Protein chains: 2
Amino acid sequence: MSSQNTPLDYTAAGVDYSKIDPLKILAQQAASATRGNLAGHGVSEIAASRGESAYVMDIGGTLIASITECLGTKALVADAVRPLTGRTHYDSIAQDTIAMAVNDLVTVGATPLSVHAYWSAGGSDWFADEQRMRDLVAGWQKACDVCKVSWGGGETPALAGVVEAGRIDLAASSVGIIPSRDRLTLGDKLADGDAIVLLASSGIHANGVSLARKLAERLPDGYATKLSDGRLYGEAVLDPTVLYVPVTEALFAAGIVPHYSANITGHGWRKVMRHPGSFTYRFSMVPPVPPVLSFIQQHAGIDDREAYGSLNMGAGFALYVAADQAEETARIARAAGVDAWVAGRVEAGPKQVVIEPLSLTFAADELHLRA
Amino acid sequence: MSSQNTPLDYTAAGVDYSKIDPLKILAQQAASATRGNLAGHGVSEIAASRGESAYVMDIGGTLIASITECLGTKALVADAVRPLTGRTHYDSIAQDTIAMAVNDLVTVGATPLSVHAYWSAGGSDWFADEQRMRDLVAGWQKACDVCKVSWGGGETPALAGVVEAGRIDLAASSVGIIPSRDRLTLGDKLADGDAIVLLASSGIHANGVSLARKLAERLPDGYATKLSDGRLYGEAVLDPTVLYVPVTEALFAAGIVPHYSANITGHGWRKVMRHPGSFTYRFSMVPPVPPVLSFIQQHAGIDDREAYGSLNMGAGFALYVAADQAEETARIARAAGVDAWVAGRVEAGPKQVVIEPLSLTFAADELHLRA
């Protein structure tokens, strides 16, 4: 058991990016070396999509984006909270899983078309819990309907010995289309003077969950702890990730093409500088912090640097748009049901994220994503 | 520990399809209900691809196939055999994983274009084993090169508490193109009188591995047991799955479009009747059985019905072609490096698989895959 006095951090909570990132870079280099295989098929890749959140190929003039993304460990929270609420919460978990894929897919300018399910259980028994199974299926279908995608198929293996008994490893892959080349948002359009519009998160989403779980272990009442708004901590952690597809689709319908987009997931606000170029991202305001994230920050005893460097802190998605389209972008997002703020701007300057209201700066060397 | 006298079977080995199949059908029904979401995008699904091995969409006249597939538990064998051979075997495991996706993708007539990696480890530590990591990356790259696909990206989460410590849940998703509508092989062309060409497997591939692992537990020398050909049992189990893409590509290049295809995976030769129609599949010969599969059958004490009903028994892929193209199909496969036999024929009649040399019949009700 952790001491109550030790601040919790992400590494202590089990995710050590310093071990994972070198593999990612090795794999990225090997992956990049296979691009030549497409030539024989009359297909080419959009090279700038390598290292971005989704992969884009030009197939006879049709631009197809694809991605595979993992939920992470959030299902463990659902398992732990179910006895407290009497609900399985796998409808929410399904939405989280789909969000991980489609919210990344839209960053390149794609309209998601299809989703495949990857539900890898620790044994056949997992599938015998009918209520949980029905919730998972219903939540998956509903999230597909919200995103206007077709659920094309999936894989439901039972992997005793690989996946822990009673647990499930959930992931989603998605295929989308970029209907015209000027919809591609791979970074070439980002410029000094662009505005940064932040879209609201619903809570922790599916990143930082290891930290949230670790915190539950050392709270006397665990997931049953009441937040300031009276909700259970566990229930609030399980608020499903916002699906940003209705927002990006509404923007495209209004003729607004972001210059760049970033899904704020692992690495928190450091992800704001995921663009390969050298820019300063300066924020003059920060969105309200969802109660569950304030609670985590306070009780885990982490400072703003740690909190904003690993959690979304209320901002689940960043749209970088022409300054004169910023207010309309925020308005369209709100009309699509997602709160939004014109929160910052892109400036020529050293690569960094500056959050002025918090006197916080993340330097370029605090984010390593690319080969 | 199992008694030496009890025959091992698939259910005893931990995979109980009777528990999984109802979920698959529930999910298939919900998935099918989302198809209408495509209409607003000017996209339609190829309805007959639902229930087939890959999902096909018509995107402005471009036919795109997609799939996500799991390796299963074969990595556990690599982990157990490594101390015996001093090799990680993850280069082979990588090939197996890609094979699971692309060998299914080609059944609908697709040319695979891209692959995404899904490597979900039991903790960050998994990625710190440099040799294993390098083998996995190198094997993945090589399999992509063999299949002429671009490795478009991937996901490498560390999921302590979901995936077992020290283990990895491996999967692949793939996107492909069907260059012309007459290349679609979704079953409408299958006819009385067609020939069945079987393509050789290399061994167990990645299905039936639970059984192979269970057997290792009760062999006195486990994976170190010598087979008739002098190889170690564990090494032979790890022979990587054949990549059938070079065969299907060579067939397409020669103008041969199969009337149907089946990847022989779970359910063994029962998969031969995966086509939704009512046909009798009659075999007049069976391919030679790889030594590792003979060994498993013998030492697990299972009869031919159990063996052919759950393992590939030497036939990893079935091509259903016009009778007058059967010999050329087999010749092209051999030229592409995969042994092949004109082994049977499709007949009007009740849905069943008849393996004459073994006096074996699998009836329609022995395979449940569809809603």
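The values are calculated or read from the model by the stated rules, or taken from the named source; none is laboratory data. It should be emphasised that the depicted structure is a prediction, and the values quoted were computed from it without experimental measurement. Cβ: placed from backbone, ideal geometry, glycine included. Neighbour counts: every protein chain shown. Keep in mind that these areas ignore ligands, DNA and RNA; they rest on the heavy atoms of the full protein, side chains included. Shrake-Rupley method; radii C 1.70, N 1.55, O 1.52, S 1.80 Å.
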With DNA, RNA and ligands ignored, accessible area of B:ASP182 (1.4 Å probe; Å², nearest 10): 100 Å²
Given R₀ = 45 Å, FRET efficiency for A:GLU327-A:ASP221 by Cβ-Cβ distance, to 0.05? 0.55
Per-residue mean of C-beta atoms belonging to partner chains within 10 Å, peptide B:123-133: 4
Share of accessible surface on carbon and sulfur in the protein assembly as shown, whole %, 1.4 Å probe and ligands ignored, is 49 percent
Report the paramagnetic label zone for A:GLN131: residues of the stretch A:88-117 whose backbone N is under 15 Å from a point 7 Å from Cα along the Cα-to-Cβ axis. A:88-92
The stretch A:65-182: Kirkwood hydrodynamic radius (Cα pairs, Å) comes out at 14.6 Å
By per-residue mean of other Cβ atoms within 10 Å, what is the highest-first order of A:133-143, B:64-74, A:294-304, B:165-175? B:64-74, B:165-175, A:133-143, A:294-304
For A:THR225, the residues 5 or more places away or on another chain with a placed amide H closer than 5 Å to its own amide H are A:TYR233, A:GLY234
Lys, Arg +1 and Asp, Glu -1 on Cβ, resulting dipole of chain A about Cα centre, debye, nearest 20: 140 debye
homo-copy label distances at B:ARG231 (7 angstrom along Cα-Cβ), nm, one dp, ascending, are 5.6
Note the buried accessible area between B and A here, summed over both chains, with a 1.4 Å probe, in Å² to the nearest 100. 6300 Å²
For the cross-link pairs A:LYS148/B:LYS24; A:LYS189/A:LYS271; A:LYS74/B:LYS214; A:LYS214/A:LYS351, which exceed 24 Å when the distance is taken from alpha carbon to alpha carbon? A:LYS74/B:LYS214; A:LYS214/A:LYS351
Prolate/oblate/rounded label for the stretch B:195-366 (Cα gyration tensor, a/c 1.5): oblate
Helix by helix, which DSSP H runs in chain B go 15 Å or more along their axis at the Cα atoms and have an average Kyte-Doolittle hydropathy of 0.0 or more? B:74-85, B:90-105
Suppose we compare each residue of the stretch A:55-75 in its chain alone and in the full protein complex with a 1.4 Å probe; which ones drop by at least 50 Å² of accessible area? A:TYR55, A:ILE59, A:THR68, A:CYS70
Residue-averaged beta-carbon neighbours from other chains (10 angstrom radius) around A:106-119: 4
Across peptide A:207-216, how many C-beta atoms of other chains are within 10 Å of each residue C-beta, on average? 1
If you count only protein heavy atoms with a 1.4 Å probe, what accessible area per residue comes out for chain B, rounded to a whole Å²? 33 Å²
Listed residue (A:PRO112, A:SER310, A:LEU186) projecting farthest to the positive dipole end of chain A, Cβ model: A:LEU186
Taking the alpha-carbon centre of each part, the distance from the stretch B:89-150 to the stretch B:176-214 in Å is 20 Å
Picking from B:ILE264, B:LEU367, B:GLY349, whose Cα lies most toward the positive end of the charge dipole for the stretch B:222-371 (charges on Cβ: Lys, Arg +1; Asp, Glu -1)? B:LEU367
